[in-house]
1. On a straight-distance basis, which aspartates and glutamates could pair with Lys229 in a cross-link, Cα separation under 16 angstrom, same-chain partners fewer than 8 positions away excluded?
2. I need the peptides 208-218, 141-151 ranked by packing, meaning the mean over residues of other C-beta atoms within 10 angstrom, with the highest value on top.
3. Among the aspartates and glutamates, which fall within straight-line cross-link reach of Lys196, defined as a Cα-Cα distance under 16 Å, with same-chain neighbours fewer than 8 residues apart omitted?
4. Given the rule -39500 (n - 2.57) for each run of at least 4 DSSP H residues, summed and divided by the residues of the chain, what is its mean residue ellipticity at 222 nm, to the nearest 500 deg cm²/dmol?
5. What spacing in nm lies between the two simple spin-label points modelled at Thr173 and Ser100, each 7 Å away from Cα in the Cβ direction?
6. Provide the per residue accessible area, probe 1.4 Å, for the chain, rounded to a whole number of square angstrom.
7. What distance in nm separates the simple spin-label points at Ser221 and Thr199, each placed 7 Å from Cα in the Cβ direction?
8. Averaging the inverse of every distinct alpha carbon separation and then flipping it gives the Kirkwood radius. What is it for the chain, in angstrom units?
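The values are calculated or read from the model by the stated rules, or taken from the named source; none is laboratory data. In this text the structure is predicted, and so the values were computed from the model without any measurement. Using ideal geometry, Cβ is built from the backbone for each residue, glycine included, and neighbour counts are taken over all protein chains shown. Side chains included, ligands, DNA and RNA excluded: accessible areas come from the protein's heavy atoms. Shrake-Rupley method; radii C 1.70, N 1.55, O 1.52, S 1.80 Å.
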Amino acid sequence: LPKGVKTTANLPGAVTYGWHLSGSVMPVPPYGSSDIPGSDTASKLIVNQPNGNTEVAITGVMNGLNPNTTYTVYLAKPYTKYTAANVTGITGFNFEWQGSNYVHSANLNQTKSDVTGDGGYPAGGPYTYAWTITNGYVSGNHLHLVMDYMKGANCTMTMDGDINSPGNITNGTWTDNCGGIRTSTWTSLGKATQYKGTTWFPGYFTSTIPSFTFTTDEFGSGSWHVNVKDADLAGLISPYMLSVWINGGSATILVSDNFTVVK
């Protein structure tokens with residue numbers, strides 16, 4: 001076929017792709033702090049792949065944004081939607097102390113990165129302990145817990161550990177002040193879920209297409225259009241996958257679905 005002519009299977013056709021609030025597909029923080037709820041469903045991204053030297057024509061029809069505001073559009077590489085680590089599958093802690101193992105049950109609750117919960121020594125054990133988590137979070141794949149003993153002891157324990165891909169805890173360490181400062185290691189019972197996804201802006205799709213801006217009207221609506229030409233793909237390796245990122249001020253507020261450019 002002559003240069004710039006696509007096959008019959010790739011004839012022109014406009015496809016609408018979805019937008020997402022940045023906090024729903026990327027880590028929180030840093031994403032999500034400036035999101036405008038409703039702007040993702042009110043806005044549209046239209047991708048048309050005509051024949052000829054324009055490989056793809058991209059149009060953004062933006063609604064639900066702040067009025068009379070300038071936003072920046074970035075054509076970016078594809079990304080993997082972020083899924084936060086989750087520790088609710090952990091059912092117990094195995095604490096090592098002076099060569100012996102002590103298993104405690106655990107009941108963890110997680111909302112975004114915040115972790116709460118309680119637990120204690122299993123029924124039937126020689127001692128009965130109960131504790132509650134007073135401070136806990138998951139940052140990336142790192143788990144941090146602070147727990148106060150409510151029964152069997154009057155002290156505080158701090159726990160740290162990293163979630164690996166099978167969902168086990170590695171580098172687990174604990175410190176408490178039960179009868180003096182003690183410290184040792186721990187492992188988990190049950191399975192956590194490791195986070196996945198691109199954690200930051202995945203990078204420009206190509207340096208030949210710089211970012212650009214559009215300004216909304218008094219109703220918070222605006223539009224923009226960009227053509228990706230054959231020359232813009234020079235030096236890139238197929239498949240040519242893109243995503244579109246919208247920034248308001250210095251913060252990303254909208255991220256599109258990934259889509260493929262057919263050359």
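1. Partners found: Glu55.
2. 141-151, 208-218
3. Within reach: Asp162.
4. Helices in the chain give a 222 nm mean residue ellipticity of -500 deg cm²/dmol.
5. Spacing of the two 7 Å Cα→Cβ label points: 2.5 nm.
6. That works out to 49 Å² for each residue.
7. Reported label-point gap for Ser221 and Thr199 is 4.1 nm.
8. This gives a value of 21.7 Å.
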